[in-house]
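**Q** First the structure, which I've put down as structure tokens, then a few questions once you've had a look.
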Amino acid sequence: MDSETKRGLEEFALEIRIGIVEQIKARGFGHIGGSLSVADALAVLYGAVMSYDPKNPDKEDRDKLVSSKGHAGPAVYAALALKGFFPYEELKTLNQPGTRLPSHCDRLKTKGIDMTTGSLGQGTSLAVGMALGDMLKGRKNRVFLITGDGELDEGQAWEAAMFAAAKKVNNLVWLVDYNKKQLDGYVKDILEPFDFEAKFRSFGFDAVTIDGNDIEKLYEVFTKPAGMRPLAVILDTVKGSGVKEVEDTVSNHSMNVGAEVCDKWLKQLGDELAALRKEAGR
Amino acid sequence: MNIVYNGEMDSRAFKDILGATIPRLAAEDPDVVYLDADLMSCIGTAKWAPTCDRAINCGVAEANMIGVACGMSAVGFKPIVHTFGPFASRRCYDQIFLSGGYAKNSVTVIGTDPGVCAAFNGGTHMPFEDVALYRAIPNATVVDITDANMLLDVLTQFKDMQGVKYLRVSRKNAAKVYADGSKFEIGKGIVLREGTDAAIFACGIMVHEAMQAASSLEKEGISAAVIDMFTIKPLDEALVKAYAGKVKAVVTAENHNRIGGLYSAVCETLAGAGVRVGHVAVEDEYGEVGPQDYLQKRFRLTAEHIAEEVRSALK
């Protein structure tokens, strides 16, 4: 990828992080850790990979994204708002009464959200069904599925994986946000997952592990032509990535954060963004 | 509605209707997709399935099957899903509730062998609670099938209806109640027999038992209406209230736990109406193994039990 594209995506990732923090600030609490960890993957997908039209969010042959870790809603909302699916100001309504931006993704409430998720594991089968359906309809799009690592405790995810490989659903790209932590602590302490990549490969997927907070690596893997099998991409990420204090907080799945602290983080992220833009001469 | 009931069995088993109707719907409508959880052979679709890329055997993985069906609904398909009743309800409840109902995806779920129809598969396979579970899903449609012609028409209608639709049906033969070609209105009960002393609201295999009960009661001078309440949700509340207003007692009859099924639905409608409501249903028990006729006696799901309940409700 050229340096201009890379810088653009890095900027977009920072903007997504700013959008996440803006949402948490407005509500005072929220699922910040697992939203920040997927910011880079979302930046690459919505910034350079996926085909979609914010003016026609239901276009049948669009690329689709299912965040089965429904609690990453704030990250997806930030990306969608920045791409014009709805006004950026609306981010401040996260979890307010009557909002169109609930904690967990809801396809009926939010423009651009392709599937309702929240009960962990369920988005896997939904995404596989969407991908299989698109394939049977002869559409050329792909379906990107994001699961957590703790989420893969759910047996349904492995039913879906077995099914996707067996039925050769090769328009599916399954991202595992391997940020090492789930609600109660470290994944390895709660339910050791061993080797995700080997697991997916043994299920019949093509599988690869990459630095999930590296824009270039993400771009490279998402722009490769589809193979014969579905693709699993294990994203080696840091929960809370991009905001040092969140990264350093052990229990960062959902955090209560005061406005002043959020402002400090927004300032840090804003400075990084300004520096990137300055470097680019913008 | 042309009622042809004379107590005789229909020569067509329910599984024959399923095995013929699902392929026909798939042939007629390119948006129909049929998913099964390794039970195609039980409803006669196994031979046809390999010839159609929209007939998908998901293996023994019901939660995934429901999710895949809902995902396919989201991209424009009309999924019809089949497995045995307990696996079509309990086993995948959060999936049908959220991926189906909450996410507003449309899926037809066929749960075969409801209640005592599970017979020799025994207690693990015997759902006395599937109606209760599906009734608790907002806006779901719940139907307990009476005869072959009803199955044929309701399944055809379900294909194009929005939302979560649950169809519970035996795989065996049942008494023929409706004339060939009959059309059914989902949500409307059907008066099979008028009566002035009592009204029996029945569904599924209990409709035949209710008709037998009404005949024997007639010989004793008791006039009992029989109403086929095949749609348990949305319940035909107007019809229930109308009969409650003109008879001395109402009795429900269902192949299901008394908790959460037809009896519950009728009681919810008639609460405060002052009419006596009796019931013939499973008394909050688990299922067990045995021939269906034995199980019907064991769980008190027979014409004799209905007649007895009517007599006692009229006392």
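The values are calculated or read from the model by the stated rules, or taken from the named source; none is laboratory data. Computed from a predicted model, the values in this text were never measured in an experiment. Here Cβ is always computed from backbone atoms with ideal geometry, including for glycine, and neighbour counts include all displayed protein chains.
**Q** In the range A:229-282, which residues are in a strand (DSSP E or B) and over 20 Å from residue A:212 (Cα atoms)? Working first, answer last.
**A** Residues of the range A:229-282 in a strand (DSSP E or B): A:231-236, A:255-256.
Of everything in the range A:229-282, those that are in a strand (DSSP E or B) and over 20 Å from residue A:212 (Cα atoms) turn out to be A:255, A:256.
**Q** Quick one: would you say residue A:84 is surrounded by fewer than 24 Cβ atoms within 10 Å (Cβ to Cβ) and at pLDDT 95 or above?
**A** Criteria met by residue A:84.
**Q** Just to check your reading of the model, which residue among A:127, A:165, A:198 is in a helix (DSSP H, G or I), at the interface with chain B (Cβ under 9 Å from one of its Cβ atoms) and either of a type outside the set (Asp, Glu) or in contact with a Lys or Arg (Cβ under 9 Å, 6 or more places away or on another chain) (or both)?
**A** A:127 is the lone residue from the list that is in a helix (DSSP H, G or I), at the interface with chain B (Cβ under 9 Å from one of its Cβ atoms) and either of a type outside the set (Asp, Glu) or in contact with a Lys or Arg (Cβ under 9 Å, 6 or more places away or on another chain) (or both).
**Q** Please specify each residue of the range A:70-107 satisfying the condition of being assigned to a loop (DSSP other than H, G, I, E, B), within 14 Å of chain B (Cβ to nearest Cβ) and closer than 21 Å to residue A:44 by Cα.
**A** The one that is assigned to a loop (DSSP other than H, G, I, E, B), within 14 Å of chain B (Cβ to nearest Cβ) and closer than 21 Å to residue A:44 by Cα: A:105.
**Q** Tell me which residues, restricted to the range B:95-104, are assigned to a helix (DSSP H, G or I), within 7 Å of another protein chain (Cβ to nearest Cβ) and in contact (Cβ under 8 Å) with a residue 24 or more places away in the chain. Full working, then the answer.
**A** Within the range B:95-104, the subset assigned to a helix (DSSP H, G or I) is B:95-102.
Applying the additional criterion that residues be within 7 Å of another protein chain (Cβ to nearest Cβ) yields B:95, B:98-99, B:102.
Selection gives B:95, B:99.
**Q** Would you confirm, using the coordinates I've provided, whether residue A:170 is facing chain B (nearest Cβ under 10 Å), surrounded by fewer than 22 Cβ atoms within 10 Å (Cβ to Cβ) and at pLDDT 95 or above?
**A** Answer is no for this residue.
**Q** Are there any pairs, at least 6 apart or on different chains, whose C-beta atoms fall under 6 Å, with the first in the range A:131-144 and in contact (Cβ under 8 Å) with a residue 60 or more places away in the chain and the second among the small types (Gly, Ala, Ser), and if so, which?
**A** A:143/A:127; A:143/A:131
**Q** Being farther than 10 Å from residue B:87 by Cα and touching a strand residue (DSSP E or B) at 6+ places or on another chain (Cβ under 6 Å) is the filter; apply it to the range B:117-131 and report the residue that is surrounded by the fewest Cβ atoms within 10 Å (Cβ to Cβ).
**A** B:129
**Q** Hey, can you tell me all the residues within the range A:218-228 that are surrounded by 12 or more Cβ atoms within 10 Å (Cβ to Cβ) and within 12 Å of residue A:45 (Cα to Cα)?
**A** Passing the criteria: A:218, A:219, A:220, A:221, A:222.
**Q** Kindly indicate which of B:281, B:244 is closer than 18 Å to residue B:223 by Cβ and in contact with a strand residue (DSSP E or B) (Cβ under 8 Å, 6 or more places away or on another chain).
**A** B:244
**Q** May I ask you to verify whether residue B:107 is of a type outside the set (Ser, Thr, Tyr) and either away from every other protein chain (no Cβ under 14 Å) or within 13 Å of the chain's Cα centre (by Cα) (or both)?
**A** Taking the combined requirement at face value, the residue does not satisfy it.
**Q** A further question follows. Return a yes/no flag: does the range B:161-182 have any residue that is under 15 Å from the mean Cα position of the chain (by Cα) and either modelled with pLDDT under 95 or part of a helix (DSSP H, G or I) (or both).
**A** Within the range B:161-182, none of the residues are under 15 Å from the mean Cα position of the chain (by Cα) and either modelled with pLDDT under 95 or part of a helix (DSSP H, G or I) (or both).
**Q** Okay, moving on. Against the condition buried (at least 24 other Cβ atoms within 10 Å of the Cβ), in contact (Cβ under 8 Å) with a residue 12 or more places away in the chain and in a strand (DSSP E or B), how does residue B:108 come out, does it pass?
**A** Here the answer is yes, as residue B:108 does meet what is asked.
**Q** Can you tell me which residue is nearest to residue A:170 (Cα to Cα) among those in the range A:108-124 that are crowded, with 18+ Cβ neighbours inside 10 Å and away from every other protein chain (no Cβ under 11 Å)?
**A** So the residue we want is A:112.
**Q** Take residue A:55 and decide whether it is part of a loop (DSSP other than H, G, I, E, B), more than 14 Å from chain B (Cβ to nearest Cβ) and not β-branched (Val, Ile, Thr).
**A** yes
**Q** I need every pair where a residue in the range B:52-74 that is more than 13 Å from residue B:33 (Cα to Cα) has its Cβ under 8 Å from the Cβ of a residue that is hydroxyl-bearing (Ser, Thr, Tyr) and assigned to a helix (DSSP H, G or I), sequence separation at least 6 or different chains.
**A** Going by the 8 Å Cβ cut-off, the qualifying pairs are B:63/A:125; B:64/A:124; B:64/A:125; B:67/A:124; B:67/A:125; B:67/B:99.
**Q** Next question, about the same structure. Considering only the range B:173-190, state which residues are buried (at least 17 other Cβ atoms within 10 Å of the Cβ), of a type outside the set (Gly, Ala, Ser) and touching a Leu at 6+ places or on another chain (Cβ under 8 Å).
**A** B:177
**Q** Can you name every residue in the range B:26-64 that is touching a strand residue (DSSP E or B) at 6+ places or on another chain (Cβ under 8 Å), at the interface with chain A (Cβ under 10 Å from one of its Cβ atoms) and farther than 17 Å from residue A:166 by Cα?
**A** B:31, B:33 - these are the residues of the range B:26-64 that are touching a strand residue (DSSP E or B) at 6+ places or on another chain (Cβ under 8 Å), at the interface with chain A (Cβ under 10 Å from one of its Cβ atoms) and farther than 17 Å from residue A:166 by Cα.
**Q** Against the definition (in contact with a His (Cβ under 8 Å, 6 or more places away or on another chain) and among the hydrophobic types (A, V, I, L, M, F, W, C)), how does residue A:72 come out, yes or no?
**A** Yes: the conditions hold for residue A:72.
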